[in-house]
Amino acid sequence: MSRRSMASPIAPATGPARSGLPSGTPRSTTGRPRLRRPRLLFAVIAAVALLTGALVAALSGSDSSTTESAGTPPTTTLSATATTAATAGPDCSMPRGDQDSGTGAIAAFEHAYYVQRSGAAAHALISPEAPSTAPFTVVANLDAGIATVAADTTYCLDIDPLRPGVFTLTLTEGGPAGPGVQYRQRITTTEVDGRHVIASIDDA
């Protein structure tokens with residue numbers, strides 16, 4: 001609505017010069033309904049617009065909240081998984097190991113060394129391609145090392161993969177007096193004839 005249409009068509013109440021009527025003569029009020037009706041209509045339209053806007057905003061907020069709630073992934077399972085991985089810790093069960101994987105071959109080697117106390121059993125887990133100059137490739141050297149370890153020695157293994165076939169081993173010896181010497185080594189494994197064997201053992 002233009003500003004011009006809002007100007008009142010009613011002349012001032014006093015003065016014959018403006019009204020064209022004597023001051024005591026009642027003036028016609030036929031112009032008032034035409035002035036108030038557009039204002040009332042405008043007020044109604046404005047009120048409806050405000051209510052509509054408020055309703056749309058409320059519905060939009062509700063939909064957004066519902067969408068965000070539905071799109072938020074559950075964190076309980078992830079937190080539980082992360083906690084399990086963080087608190088797993090070393091394996092102190094002195095597992096027998098196997099030759100189905102690199103970690104299995106490392107566990108089998110340590111079992112042969114500490115539990116079986118057999119240089120020959122440990123040597124059977126060494127790759128035939130391992131450097132002949134390495135001490136662990138000679139059975140006599142393995143037996144000599146085993147002899148320096150008390151028979152009731154226990155151990156804990158913590159094997160971390162660095163890349164395929166390469167692992168960091170943290171081995172902690174134990175006994176009646178509690179934790180003892182700790183060794184940290186980088187061990188490389190390889191697969192020969194379908195069996196995983198140890199190719200090298202180095203200090204980490």
Residues Arg96 and Val166, FRET efficiency given R0 of 22 Å [Cβ-Cβ distance, rounded to 0.05]: 0.45
3J(HN,Hα) from dihedral phi, the range 173-189, Karplus parametrisation 6.51/-1.76/1.60, rounded to Hz, x for glycine, proline: 6, x, x, x, 8, x, x, x, 5, 10, 10, 10, 9, 10, 10, 10, 10
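Ranked from highest to lowest mean number of other Cβ atoms within 10 Å per residue, what is the order of the peptides 177-185, 195-203? Could the numbers behind the result be given before it?
Numbers: 177-185: 11.1, 195-203: 17.7.
The packing order, highest mean first, is 195-203, 177-185.
Coordinate-derived values only; no laboratory data. Not measured: the values here are computed from a predicted model. Using ideal geometry, Cβ is built from the backbone for each residue, glycine included, and neighbour counts are taken over all protein chains shown.
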